[in-house]
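Since every read-out is calculated from the coordinates, none of them should be taken as a lab result. This one's a predicted model, so the numbers in the text were calculated from it and none came from an experiment. Cβ placement follows ideal geometry from the backbone for every residue including glycine, while neighbour counts extend to all protein chains displayed.
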Amino acid sequence: MQDSGQCITVTGTVYSSSSGTTEEPDGDLHFTLQLDPKYEKYPNDKDPQCIPHPAGFPACKNIIVEVICHNKIDPSYYTKFGRYCDGVNSILQGEPHQGDKLLVSGRWLTDKDETEPPQKRHAPWNEIHPASYIKKLS
């Protein structure tokens, strides 16, 4: 479950483990963006890859970005939720790589995990979901 959020535009650098992106079974592409200083008010403090703020603030400089319907969907999701990606095209061609500088627009919200059983849930975190526009800056 996610709250409605607000539309934001931020810039930052792709900072994620391994190749920089994670393909989720629901078809979403996840990556972590290390926010430029101007946008550090939109962090994800619960990000396990958090880069602590250099000034010692408790805030993290990262935010998770999700591009919906980007990858192949596990058939179990269609069984459970229907064909929710039919007719939806990814806004992103290819995938961002570690170190890419991006401009990202989309809905800034808090992801509230509803995984069952509850003990497998992650803490709520801030993210841009869905990303509505992504432009590579460098």
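Counting other beta carbons within 10 Å of each residue's own, what order do E127, E116, E40 fall into, fewest first? Present the calculation step by step, with values, prior to reporting the outcome.
On the way: E127 26, E116 7, E40 19.
Ranking E127, E116, E40 by Cβ neighbours within 10 Å, fewest first, gives E116, E40, E127.
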Net charge (Lys, Arg +1; Asp, Glu -1) of residues whose beta-carbon lies under 9 Å from that of E66, E66 excluded, is -4
Please work out how much length the chain gains when fully extended from K136 to E23, using 0.36 nm per residue of separation minus the C-alpha to C-alpha distance, in nm with one decimal. 38.7 nm
Please work out how much length the chain gains when fully extended from T9 to T79, using 0.36 nm per residue of separation minus the C-alpha to C-alpha distance, in nm with one decimal. 21.8 nm
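By counting other Cβ atoms within 10 Å of each Cβ, how are C69, C7 ranked from fewest to most?
Working: C69 18, C7 10.
The order, fewest Cβ neighbours first, is C7, C69.
Among 72-79, 128-135, what's the highest-first ranking by average C-beta atoms within 10 angstrom per residue? Kindly include the intermediate steps, with their values, before the conclusion.
Values: 72-79: 12.1, 128-135: 18.2.
Going from most to least packed, we get 128-135, 72-79.
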Using the count of nearby Cβ atoms within 10 Å as a rough guide to exposure, how do T9, T21 rank from fewest to most? T9, T21
Given K80/K120; K41/K120; K61/K112; K72/K112; K80/K135, which pairs have Cα atoms separated by over 22 Å? K41/K120; K72/K112; K80/K135
